[in-house]
Amino acid sequence: MTFRARAPYLFFLSLLTVWAQGPFIEKPYLQLGNSPKLEKPESLVLMWHTDEQRAVWTVEVRTSKDKAFRAASEAAPAAQKISVPGILPHLVYRAELTKLVAGEEFQYRVSKGGVPVFEATGHARKSASQAQHFVVFGDIAQGSVGQKAVANQVALTKPDFVFVAGDIVYSAGRVSEYREKYFPVYNAEQADPLVGAPLLRSVPFIAAPGNHDTALRNLERFPDALAYFYYWDQPMNGPVAKGHTLMGTPEAQAAFRDSAQRRYPVMANFSFDYGNAHWTVLDSNPYMDWSSPALRDWVAADLEAARHAKWRFVGFHHPGFNSSKSHLTDQWMRLLAPTFEKGKVDVVFAGHVHNYQRTFPLTFVPKPQADGKTMGLKGEVDGDWTLDRVFGDGSAKDAKPQGVIYIVTGGGGAGLYNPEQQEAPATWQPFTQKYFAAQNSFTIVDINGGKFRMKQVSGTGTEMDSFQLNK
Ligand SMILES: [Fe+2]
């Protein structure tokens with residue numbers, strides 16, 4: 001088709017898009033915001049994207065304690081302009097949703113110039129005494145059929161929140177890729193296995209950055225990359241990632257920094273509480289040096305300060321313990337195993353390897369390489385592990401895991417790795433107890449006080465694995 005022949009068709013398509021999105025480039029979605037601790041009352045952040053025409057926006061909420069809609073907060077929504085080469089300048093709005101009742105559903109509506117243009121239901125963070133139900137998956141927005149089916153299944157489980165273990169958007173974490181493969185799937189109008197589901201407007205997604213999100217830092221090549229720092233609003237209570245340097249012209253770097261503001265680079269490592277659990281979220285990209293005492297001390301101190309929490313989870317992208325031939329030597333996060341053990345971490349969630357794996361509960365003592373370095377040139381970390389082969393699925397009376405359980409849940413949407421190993425346990429590393437790579441999948445966790453129940457479910461709803469922890 002020539003351009004002349006295509007033009008009316010393209011015009012019609014763009015009209016359809018405008019009609020479908022209303023005044024938004026991206027419709028509202030919830031974020032935890034910079035609020036690492038449980039609050040009473042609770043709060044969340046609502047974000048949406050528009051073109052660069054500023055307007056008077058208002059957000060109202062209605063909780064079980066409100067007779068009618070009321071202002072979401074005392075402050076008006078704030079707009080951050082994103083202006084980087086290769087993409088039309090646009091605004092990212094942020095509104096605080098305050099005085100939410102912990103664990104409860106609330107309604108909210110967004111108005112432009114006094115006219116309501118969007119309405120949805122949100123879910124406030126759970127308090128320490130409430131049961132919680134969340135989903136974990138990594139390696140998600142590749143635009144695949146499997147990604148959309150998983151998104152639909154995730155919505156069917158009605159999670160309180162979703163944790164993304166990195167590689168949020170392929171293949172370079174760009175603004176254009178968020179628009180094509182992330183928002184249309186996770187903020188779809190209707191749940192549909194061929195499209196996605198309206199998740200983002202209803203529950204906060206919380207994410208660790210993966211290599212596809214923040215390791216591609218060449219702003220000359222991808223001027224709209226690193227959108228992680230534009231589109232997420234997460235706690236900023238972690239250490240600064242000193243190794244994260246930008247590439248590109250001084251102008252491109254300045255444009256990025258102006259758009260990202262102080263979220264870059266601090267928002268890549270953080271921690272937060274949800275219900276009776278504490279999460280430590282780390283940037284596991286190779287530019288970070290997790291053998292650095294300062295960084296390890298931060299993790300140790302964060303876990304020590306979380307002794308109050310019944311459950312302690314760690315989330316990052318690159319798994320230390322992986323049996324797939326893909327990424328086999330990306331083992332550098334093993335260096336933190338002793339810190340996790342000392343900090344009484346229960347479960348570590350990672351992605352990067354596009355399948356599902358569960359280790360035996362284990363402890364690990366890293367050994368220096370022959371040259372005295374902490375790891376080999378490819379990232380290998382040698383050492384001695386002690387495996388708890390008695391624990392099984394934790395359902396036996398008095399079953400207590402001896403060590404930390406490491407989960408790879410990188411089958412959230414991207415093309416699967418090494419399915420041929422699923423039926424070949426002889427190819428697995430000794431620490432691997434379960435391995436499923438035949439289908440895209442995600443992790444569901446239910447916590448009720450001292451009961452932890454985890455299952456791995458495929459994009460078609462089939463249960464692949466389950467285990468439990470009891471305290
Ligand atoms: Fe990855």
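The values are calculated or read from the model by the stated rules, or taken from the named source; none is laboratory data. Bear in mind that the values here come from a model prediction, so they are computed numbers and not experimental data. Here Cβ is always computed from backbone atoms with ideal geometry, including for glycine, and neighbour counts include all displayed protein chains. To get the accessible areas, we keep the full protein, side chains included, count just its heavy atoms, and leave off ligands, DNA and RNA. Shrake-Rupley method; radii C 1.70, N 1.55, O 1.52, S 1.80 Å.
The set of residues in the range 193-219 that are open to solvent by 30 Å² or more (accessible area, probe 1.4 Å) and more than 17 Å from Tyr230 (Cα to Cα) comprises Pro193, Leu194, Val195, Pro198.
Screening Phe272 on (1) part of a helix (DSSP H, G or I); (2) modelled with pLDDT of 95 or more shows it passes everything except condition (1).
Filtered by the rule that a residue be more than 21 Å from the chain's Cα centre (by Cα) and either outside any loop (DSSP other than H, G, I, E, B) or of a type in the set (D, E, K, R) (or both), the range 233-248 gives Lys242, Met247.
Looking only at the range 384-412, residues that are touching a helix residue (DSSP H, G or I) at 6+ places or on another chain (Cβ under 8 Å) and at positive phi come to 1 in all. Whenever a residue of the range 246-260 is at pLDDT 95 or above, its partners that are part of a helix (DSSP H, G or I), lying with C-beta atoms within less than 7 angstrom and at least six residues away or across chains, give the pairs Arg257/Tyr264; Ser259/Tyr230; Ala260/Phe229; Ala260/Tyr230. Selection of the range 58-90 for residues being open to solvent by 50 Å² or more (accessible area, probe 1.4 Å) and either in a loop (DSSP other than H, G, I, E, B) or of a type in the set (Asp, Glu) (or both) yields Ser64, Lys65, Lys67, Ala68, Glu74, Ala75, Ala76, Ser83, Pro85, Gly86, Leu88. Filtered by the rule that a residue be open to solvent by less than 10 Å² (accessible area, probe 1.4 Å) and either modelled with pLDDT under 95 or within 28 Å of Thr462 (Cβ to Cβ) (or both), the range 335-353 gives Val347, Val348, Phe349, Ala350, Gly351, His352, Val353.
Every test in (1) closer than 24 Å to Gln331 by Cα; (2) open to solvent by 10 Å² or more (accessible area, probe 1.4 Å) is passed by Ser395 save one, and that test is (1).
Cβ-Cβ distances below 6 Å connect the following pairs, each with a first residue in the range 342-353 that is closer than 12 Å to Thr280 by Cα, a second residue that is assigned to a helix (DSSP H, G or I) and of a type in the set (A, V, I, L, M, F, W, C), and a separation of six or more residues or different chains: Gly343/Leu303. Residues of the range 99-128 being under 15 Å from Arg70 (Cα atoms) and of a type in the set (Ser, Thr, Tyr), which ones? Those that are under 15 Å from Arg70 (Cα atoms) and of a type in the set (Ser, Thr, Tyr): Tyr108, Ser111, Thr121.
Would you point out which residue out of Gln153, Gln190 is open to solvent by 20 Å² or more (accessible area, probe 1.4 Å), out of contact with any helix residue (DSSP H, G or I) (no Cβ under 9 Å at 6 or more places or on another chain) and without any contact (Cβ under 8 Å) to a residue 24 or more places away in the chain?
On the way: Gln153 fails: without any contact (Cβ under 8 Å) to a residue 24 or more places away in the chain.
Exactly one residue qualifies, and that residue is Gln190.
Just the residues that are more than 16 Å from the ligand (Cβ to nearest atom), modelled with pLDDT of 95 or more and assigned to a loop (DSSP other than H, G, I, E, B), please, taken from the range 203-226. Across the range 203-226, the qualifying residues are Val203, Pro204, Asp224. In the range 299-334, which residues are more than 20 Å from Val365 (Cβ to Cβ), hydrophobic (A, V, I, L, M, F, W, C), open to solvent by less than 50 Å² (accessible area, probe 1.4 Å) and not in a loop (DSSP other than H, G, I, E, B)? The answer is Trp311, Phe313.
Residues in the range 440-471 that are in contact (Cβ under 8 Å) with a residue 60 or more places away in the chain, in a strand (DSSP E or B) and not hydrophobic (A, V, I, L, M, F, W, C): Ser441, Thr443, Asp446, Asn448, Gln456, Ser458, Asp465, Ser466, Gln468, Asn470.
Matching residues to (1) within 16 Å of the ligand (Cβ to nearest atom); (2) modelled with pLDDT of 95 or more; (3) not in a strand (DSSP E or B):
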position	(1), (2), (3)
Ala149	no, yes, yes
Gln153	no, yes, yes
Pro159	no, yes, yes
Val162	no, yes, no
Gly166	yes, yes, yes
Gly173	yes, yes, yes
Ser176	no, yes, yes
Tyr182	yes, yes, yes
Gln190	no, yes, no
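Residues of the range 355-366 being open to solvent by less than 10 Å² (accessible area, probe 1.4 Å) and either within 16 Å of the ligand (Cβ to nearest atom) or closer than 23 Å to Ala309 by Cα (or both), which ones? Outline the logic, then answer.
The initial filter retains those residues of the range 355-366 that are open to solvent by less than 10 Å² (accessible area, probe 1.4 Å), namely 355-359, 361-362, 364.
Within the range 355-366, Asn355, Tyr356, Gln357, Pro361, Leu362 qualify.
Does Gly138 satisfy the condition of being in contact with a His (Cβ under 8 Å, 6 or more places away or on another chain) and surrounded by 14 or more Cβ atoms within 10 Å (Cβ to Cβ)? Spell out the reasoning first.
Numbers: in contact with a His (Cβ under 8 Å, 6 or more places away or on another chain): yes; surrounded by 14 or more Cβ atoms within 10 Å (Cβ to Cβ): yes.
Spelling it out, Gly138 is indeed in contact with a His (Cβ under 8 Å, 6 or more places away or on another chain) and surrounded by 14 or more Cβ atoms within 10 Å (Cβ to Cβ).
Pull up the range 42-57, narrow it to residues that are assigned to a loop (DSSP other than H, G, I, E, B) and not basic (Lys, Arg), then point me to the one that is farthest from Glu26 (Cα to Cα). The extreme case among them is Val56.
Taking into account only those residues within the range 325-354 that are touching a His at 6+ places or on another chain (Cβ under 8 Å) and of a type outside the set (Phe, Trp, Tyr), which is nearest to the ligand (Cβ to nearest atom)? Before the answer, list the steps.
Residues of the range 325-354 that are touching a His at 6+ places or on another chain (Cβ under 8 Å), as a first pass: 326-327, 330, 332-333, 350-353.
Filter once more, keeping what is of a type outside the set (Phe, Trp, Tyr): 326-327, 330, 333, 350-353.
Working: Ser326: 10, His327: 8, Asp330: 9, Met333: 12, Ala350: 10, Gly351: 6, His352: 4, Val353: 8 Å.
Taking the candidates together, the pick is His352.
For Asp398, indicate whether it is at pLDDT below 95 and under 17 Å from Pro361 (Cβ atoms). When the stated conditions are applied, Asp398 passes them.
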